[in-house]
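Report on the structure given below.
Since every read-out is calculated from the coordinates, none of them should be taken as a lab result. Note that the structure is predicted; figures quoted are calculated from it, not measured. For neighbour counting, all protein chains shown are included, and Cβ atoms are generated from backbone atoms with ideal geometry for every residue, glycine included.
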Amino acid sequence: MANTTNFSVRMDSDVKKQSEALFGELGMNLTTAINVFLRQAIRVGGFPFDVTINVPNAVTLAAMQEAERIARDPNMKRYSDVEEALKELKR
């Protein structure tokens, strides 16, 4: 049997519940899932996935700002549903 040790992790209780449910569906408990993560991290020499800050690019940021401006503009035409908007586009 492998030489094992215990360690404690403090986490949000909802994250723990969701993780246990997810990994249970995959046929493993949280301890096994954490061991899989750690072994993969050792194998690749870092996180076994990209860790990034998702900052929108300039085009996306401009589109988001335009959408916010349109949403706040009381003079902008509004549509009650998608079909009405599509009819307007086809004109």
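Our coupling estimate for the range 58-66, obtained by passing each phi through the Karplus curve with A = 6.51, B = -1.76, C = 1.60 and θ = phi - 60°, is 4, 5, 5, 4, 5, 5, 5, 5, 5 Hz, Gly and Pro reported as x.
Computed from the Cβ-Cβ distance with R0 of 30 Å, the FRET efficiency linking LEU30 to THR52 stands at 0.75. With Rh defined as the Kirkwood radius, the inverse of the mean 1/r over Cα pairs, the Rg/Rh of the chain is 1.27. Straight Cα distances below 16 angstrom link LYS87 to the lysines LYS77, with same-chain residues fewer than 8 positions distant left out. Summed over qualifying helices (DSSP H, 4 residues or more, each -39500 (n - 2.57)) and divided by its residue number, the chain shows a 222 nm mean residue ellipticity of -18000 deg cm²/dmol.
Computed packing ranks the peptides 84-91, 15-22, 42-49 as 15-22, 42-49, 84-91, most packed first, by mean other Cβ atoms within 10 Å.
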